[in-house]
Every structure is written in C-alpha cells, then in structure tokens.
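Values quoted throughout were computed directly from the atomic coordinates according to the rules given, and no laboratory measurement underlies them. In this text the structure is predicted, and so the values were computed from the model without any measurement. We place every Cβ from the backbone using ideal geometry, glycine too, and count neighbours over all the protein chains shown.
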Amino acid sequence: MNRMTILVVEDDRAVRNLITTTLKANEYHFLTAKDGETGAMEAASHNPDVVLLDLGLPDMDGVEVIKRIRSWSNMPIIVISARSEDGDKISALDAGADDYLTKPFSVAELLARLRVVQRRLSIMQRDPDSESPIFANGDLRVDYEAGCAYLGEEELHLTPIEYKLLCLLSRNVGKVLTHRYITRQVWGSSWDNDIASLRVFMASLRKKLEGRPGSPQYIQTHVGVGYRMMRVE
Ligand code: CA
C-alpha cells in the first residue's frame with residue numbers, strides 16, 4: 001500500500017491516462033491537473049507528496065510551475081519531457097526539480113522513479129533536519145564534521161575537490177544534479193572548461209569510491225545532464 005499522494009500535471013490525455021492507470025494499479029493516491037495554473041494551485045491546496053510535471057504545458061512553461069512550488073515547498077518534483085527538450089530538462093533541474101522522465105517512458109521506469117523519491121521522502125521524514133553529521137549509504141560513510149569519508153573500514157583518501165563533490169552528492173542523495181549546478185557549487189562558476197574538469201574529478205572520485213567503476217553503484221551518470229548519488233541498500 002502506497003500512501004503517497006501524487007499530483008500529475010500533464011495536458012496530454014494519453015500520457016495522463018497511462019500515468020493515472022499505473023498509479024491506480026499500484027495503489028497510489030493521485031490528483032490531476034491539465035495546465036500549469038491549475039497544477040500550481042492544486043499543489044498549494046493539497047500539498048501532495050510528489051509532483052509529476054510535464055514541461056510542455058498549454059498555459060505556461062513547466063519551469064515556471066517549479067519556481068512557484070519551490071517558493072514555498074521542497075516537495076519532490078519529477079519532470080516529464082520530450083526527447084527534443086533536453087535544454088528544458090536541465091533548466092527544470094536547475095530550478096529545483098529532483099528527477100526527470102523522458103517521453104516515451106515505460107510503466108516500469110515511472111514506478112522506479114517513484115520508488116527513488118519514496119526512499120528519499122522516508123529518510124527526510126525519519127530525520128526531519130536531515131543534517132545528521134554522519135551520512136551513511138551502503139558501505140560509504142561521510143563524517144561531515146570531521147571532514148572524512150570511509151568505505152567500509154577504509155578511509156578514502158580524497159583531494160579537497162573530490163571530497164567537496166562527494167559531500168554535494170551525498171547531501172542531495174536521490175536527486176539529479178546538473179553539471180552547471182555542481183560546477184557552480186564547487187568552483188563558484190560554470191564554464192565549459194569546468195564541466196570538462198568536473199568529468200576528470202568525477203572519474204578519479206569514482207575510481208576511489210566504486211568497487212567496479214565500469215558498473216557504478218553510488219554515482220550515476222546522466223549523459224548530457226549531470227550526476228546523481230543513488231541510495232545503496
Ligand atoms: Ca504537454
């Protein structure tokens with residue numbers, strides 16, 4: 001039984017029906033809205049647990065809806081975009097969306113994204129200030145106060161930038177962070193050169209963190225978009 005309530009903001013009836021049928025079959029509660037104005041209003045009046053938001057809406061840009069919701073709430077937002085809207089997807093993540101689905105998506109993908117959000121929500125609820133001094137995920141532990149990270153019993157020997165990257169990813173576990181967001185947080189700027197350096201630092205961080213860098217367990221790459229730390233059981 002899933003007690004989460006999901007707000008579906010989507011103007012395309014076929015896509016909306018696919019989503020609501022899936023949600024119903026998996027016992028999620030849901031609300032729907034066919035445009036951005038109604039979506040932002042429903043979010044404010046029902047305070048859903050998750051918003052599934054189409055970016056191409058008839059009355060306003062989906063990114064506008066994210067900005068409106070983010071002005072008062074951190075509720076998880078998963079955006080739905082067409083393959084041709086890669087730039088929009090990145091703007092949506094930069095505006096505060098948590099994750100994205102690209103059309104056409106499968107029912108399995110939709111459910112997988114909801115499970116990621118659900119895990120994130122249950123951790124946020126268990127630990128409301130969520131700034132616990134020790135972050136634990138699988139074998140990884142980050143001690144924010146001591147400024148150290150461990151993999152099992154072994155201390156990870158990280159450079160300052162690798163450690164900064166690891167902290168940024170772990171503090172946002174479950175959330176997709178864009179290249180632009182990461183480079184701004186780490187270097188205070190965002191140039192193409194920084195994105196190239198980011199790839200290099202990320203590769204060296206992964207070499208230290210991942211048992212098998214070919215099939216990463218902790219850090220997921222989103223090609224052309226950014227990176228996400230996954231929750232590891
Ligand atoms: Ca649409």
Item to check | Three-way shape label, the chain, alpha-carbon gyration tensor, a/c 1.5 | outcome: prolate
Checklist entry - For K164, which lysines qualify as cross-link partners when the Cα separation must be under 21 Å and same-chain residues fewer than eight apart are set aside? => result K175, K207, K208
Checklist outcome for this item: Relative contact order of the chain (C-alpha contacts under 8 Å, at least 6 apart) in percent is 13
Item to check | Residues S73 and V200, FRET efficiency given R0 of 41 Å [Cβ-Cβ distance, rounded to 0.05] | outcome: 0.65
Checklist entry - Classify region 5-126: rounded, prolate or oblate, from the alpha-carbon gyration tensor (a ≥ b ≥ c, eigenvalue square roots; a/c under 1.5 rounded; otherwise prolate if a/b is larger than b/c)? => result rounded
Item to check | About the Cα centre, charge dipole magnitude for region 134-229 (Lys/Arg +1, Asp/Glu -1 at Cβ), debye | outcome: 420
Checklist entry - Could you give the dipole magnitude of the chain about its Cα centre, charging the beta-carbon of Lys and Arg +1 and that of Asp and Glu -1, in debye to the nearest 20? => result 380
Next on the checklist: Checking the cross-link filter: which lysines have an alpha carbon closer than 23 Å to that of K34, excluding same-chain neighbours under 8 positions apart?
Outcome noted: K24, K67, K89, K103
Checklist entry - Is the shape of region 147-233 rounded, prolate or oblate, going by the alpha carbon gyration tensor and its root eigenvalues a ≥ b ≥ c, with a/c under 1.5 for rounded and a/b larger than b/c for prolate? => result prolate
Checklist entry - If amide H atoms are built 1.01 Å from N in the plane of the peptide, which residues on other chains or at least 5 residues away come under 5 Å of the amide H of F30? => result I6
Checklist entry - Considering the dipole of region 147-195 built from charges on the beta carbon (Lys and Arg +1, Asp and Glu -1) around the Cα centre, which of T159, Y181, N193 is farthest to its positive end? => result Y181
Next on the checklist: Can you find, among S45, L23, G56, the residue sitting farthest towards the positive end of the charge dipole of region 15-142, where Lys and Arg contribute +1 and Asp and Glu -1 at Cβ?
Outcome noted: L23
Item to check | Whole-Hz couplings from phi, Karplus 6.51/-1.76/1.60, listed for region 203-214; x for Gly and Pro | outcome: 4, 6, 4, 4, 4, 7, 9, 8, x, 10, x, x
